[in-house]
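The values are calculated or read from the model by the stated rules, or taken from the named source; none is laboratory data. Just so you know, these numbers come straight off a predicted model, no measurement behind them. So basically every Cβ, Gly included, is an ideal-geometry build from the backbone, and we count neighbours across all protein chains shown. Surface accessibility is based on the protein's heavy atoms, side chains included, excluding ligands, DNA and RNA. Shrake-Rupley method; radii C 1.70, N 1.55, O 1.52, S 1.80 Å.
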Amino acid sequence: MSDKKINRKNKKGIFIRLSRYVLQQWPLFITAILLTLGSNQLALMGPRYSGAAIDAIELKTGVDFPSVWKNIALMLGCYIISALLSYILSLVMMHLSQRIIYRMRKQVFEKLTTLPVNFFDTHATGDIISHLSYDIDTINSTLSHDLVQILTSLYTVAGSLFFMWQISKPMILIFALTVPVSLVFTRYRSKKVRPLFSLRAKKYGELNGFAEEMLTGSRTISAYGRQDVISSRFNKINDEAMDAFYKAEYNAALLFPTINLINNVSLTLVAVMGGILYMYSQNGTVAAASAFFITLGGVAQFVQYSRKFAGPINEFSNILHEIQSAFSAAERVFRILDEEPEKPDTKDAKDMKDVKGDVKLDDVTFGYTEDKTVLKNVSVNAKKGQTVAIVGPTGAGKTTIINLLMRFYDHQKGEILIDGIPSTDIRRADLRLAFNMVLQDTWLFCGTIYDNIVYGREDATPEEVYEAAKSAKIDSYIKSLPDGYDTVLSDDGINISKGQKQLITIARAFLSDAPILILDEATSNVDSRTEIQIQNAMTALMENKTCFIIAHRLSTIQNADTILVVKDGTIIEQGNHSELIEKQGFYYSLYHSQFN
């Protein structure tokens, strides 16, 4: 479905959903409406007093100075109080928009935590961040500024029209001609502009996604001397984003001068017609009781009201592109909020608090898409306390097996059993708590080393944390730091080495008491001497635990109870190290290719 079709279908729905956010803050919203009514009513009263002052000066019998000064004072009072109420209104709208945006950003982030892994596999991280920052900030700008302007404009237009009707009904006919032209042109241009703002938001998301990916891999880019190539690619995406920006802004910019021209024509016609009616009223051609009769003060009032009437229309055309941009941003935000969350547990899903660790894959078949099968008829039986190693070439399906065990994805055929119970019948939270993972790609958050170690088990005592660090051979290093365990790690731990990061994640695993352990080449980032120390510690860690090891260095899995050799999504060999060497098959070739 095209964006244009989606926009046409959901435009009303987006407005309704944004309105719900506003109405949920109804005390502030009602206060804002009352302030808007009061401020604009006072602003609309100003021209009446100025017109009365002019008529008091125009008296043939002499100037009525008391009336002049009285009306001038009332006019100034109205404008001053109106300005004060407008200032208070801006503060109220600021609080209103911030509360709405806080709630919206909170909802989006919480929604992201419920989405399945495949969402993050198919969406760039930078694009997702763009939803949380750029898109929501765009909505905030509209709610805090443009919404006030719209409320003000609506009341001003209605009030000005009412007062103009009281002053001179014939002169309103001018707006009966010019206003429809403005509305038709505005509607026509808005249809043209909105898809362009959707494209602009999309291109900014792509730009953010590419920038985030390249900045993350900046060291690799520098190591391979690919700065020029990456800069060229960035420039291309940047050009596309700027092109989308200019097209959106250029087409929106055409609206303002056109509407301004129409308004200026209408004001000119008002002044000319008002002057003609005034002259006819003065020479007696038009009776005082006639609808065509008008005083000089009435002409002045009508001109002021006509400017107030035309001004909001002109301003609305000026902020239209901001509204279109906000609608496009809201549509992108709502798409995330409307994403299907991770499939919920079945109603009769079982709680599992005491998992033993028996794991069985029975004839499992899986594909990330329906037309491409990744695993074919995979069967594995791991008893409690056994170690299962998974080896094979890149892309064979090793990590996919782990994803299925953790229920990041659900298999299409076959069955995965934990302690004899199908994994789909177990509460997903309990299932994942039964596993502990140490991955090759480490993840540390901004916080102290102590906080990073206890991440998976916050009720651990300091003594248990220190013991886990000792087992992971990282305790001595931590104590050598000026702040020890209170040392604050920067974003993703970039202020320590990769090996040290890995050791901290291994310490985190030591602290967990999960009965099933998954190791994805967990010692790949440490030196050989440290690797030997960790392997000895791992032996103690893996005791009485069911372990799944994804290994590339076959020297680390020779003691595994079972080695699965995976190729093209199929287990082609299975057995312990000695058995597979004796077969002299694919594993034999892999093993000798590493040591020869």
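With the simple spin-label model, which puts each label point 7 Å out from Cα in the Cβ direction, the N559 to K353 separation comes to 3.4 nm.
Taking label positions 7 Å along the Cα-Cβ direction at both S133 and M279, the computed distance is 6.4 nm, reported to one decimal. Less than 5 angstrom separates the built amide H of K567 from those of I572, all sequence-distant by 5 or more or on a different chain. A simple spin-label model places the labels of H145 and D243 2.9 nm from each other, with each point 7 Å out along Cα-to-Cβ.
Residue-wise HN-Hα couplings along region 377-394, as the Karplus relation 6.51 cos²θ - 1.76 cosθ + 1.60 with θ = phi - 60° gives them from phi, are 6, 8, 10, 9, 10, 10, 7, 4, x, 7, 10, 10, 9, 10, 10, x, x, 4 Hz; Gly and Pro carry x. If r is the Cβ-Cβ distance from K191 to L76 and R0 is 45 Å, what FRET efficiency results, to the nearest 0.05? The pair K191/L76 has a calculated efficiency of 0.55.
Exceedance of the 25 Å cut-off in Cα-Cα distance is limited, within the set K111/K236; K398/K470; K12/K169; K360/K545; K111/K343, to K111/K236; K398/K470; K12/K169. Show that you can apply the helix-only estimate: for the chain, add -39,500 (n - 2.57) for every DSSP H stretch of four or more residues, divide by all residues, and state [θ] at 222 nm to the nearest 500. The helix contribution divided over the chain gives -21000 deg cm²/dmol. When +1 charges are put on Lys and Arg Cβ atoms and -1 charges on Asp and Glu Cβ atoms, the dipole computed for region 190-269 relative to its Cα centre reaches about 240 debye. Each Lys and Arg Cβ is given +1 and each Asp and Glu Cβ -1; about its Cα centre, the chain then shows a dipole of about 2660 debye. Carbon-plus-sulfur accessible fraction, the chain (probe radius 1.4 Å, protein heavy atoms only): 57%.
Relative to the first principal axis of the alpha-carbon coordinates of the chain, what is the inclination of helix 26-57, with its axis defined by its Cα atoms, in degrees from 0 to 90 and to the nearest 10? The angle comes out near 20 degrees. If both residues of a DSSP beta bridge must be in the chain, then about 55% of such bridges are antiparallel. Using the Cβ-Cβ distance between I421 and L337 with R0 = 45 Å, the FRET efficiency computed as 1/(1 + (r/R0)^6) comes to roughly 0.85.
For region 323-460, a crude dipole built from +1 on the beta carbon of Lys and Arg and -1 on the beta carbon of Asp and Glu, taken about the Cα centre, is about 400 debye to the nearest 20.
With bins 5 Å wide beginning at 0, the percent of Cα pairs of region 39-159 falling in each bin runs 2, 10, 13, 12, 10, 9, 8, 7, 6, 5, 5, 4, 3, 2, 2, 1, 0, 0. Per-residue 3J(HN,Hα) values for region 138-145, derived from phi via the Karplus relation 6.51 cos²θ - 1.76 cosθ + 1.60 with θ = phi - 60°, read 5, 5, 4, 4, 5, 5, 7, 10 Hz in sequence order (x marks Gly and Pro).
When Kirkwood radius over Cα pairs in Å is calculated for this entry, the matching label among (1) 30.3; (2) 26.7; (3) 25.4 is (1).
Note that region 426-442 has calculated 3J(HN,Hα) couplings of 9, 4, 4, 5, 5, 4, 6, 5, 6, 10, 10, 10, 10, 9, 5, 8, 6 Hz, one per residue in order, obtained from phi through the Karplus relation 6.51 cos²θ - 1.76 cosθ + 1.60 (θ = phi - 60°); glycine and proline are x. Label zone of D345 (point 7 Å out along Cα→Cβ, amide N under 20 Å): in region 427-448 this covers 427-437.
Take 236-244, 11-19 and order them by the average number of nearby Cβ atoms within 10 Å per residue, most first; the result is 236-244, 11-19.
FRET efficiency for the T113 to L254 pair, using the beta carbon distance and R₀ = 45 Å, is estimated at 0.55. Against the chain, whose longest principal axis comes from its Cα atoms, helix 169-216 is set at around 20 degrees. Against the main long axis of the alpha-carbon atoms of the chain, helix 296-337 sits at an angle near 10°.
Report the far tail of the P(r) of region 120-229, meaning the percent of Cα-Cα pairs longer than 16 Å. Summing the P(r) of region 120-229 above 16 Å gives 76 percent of all pairs. Amide hydrogen proximity for L517: with H placed 1.01 Å from N in the peptide plane, the residues at 5 or more positions away or on another chain lying under 5 Å are N436, T546, C547, F548. Per residue, the accessible area of the chain comes to 52 Å² when a 1.4 Å probe rolls over the protein heavy atoms.
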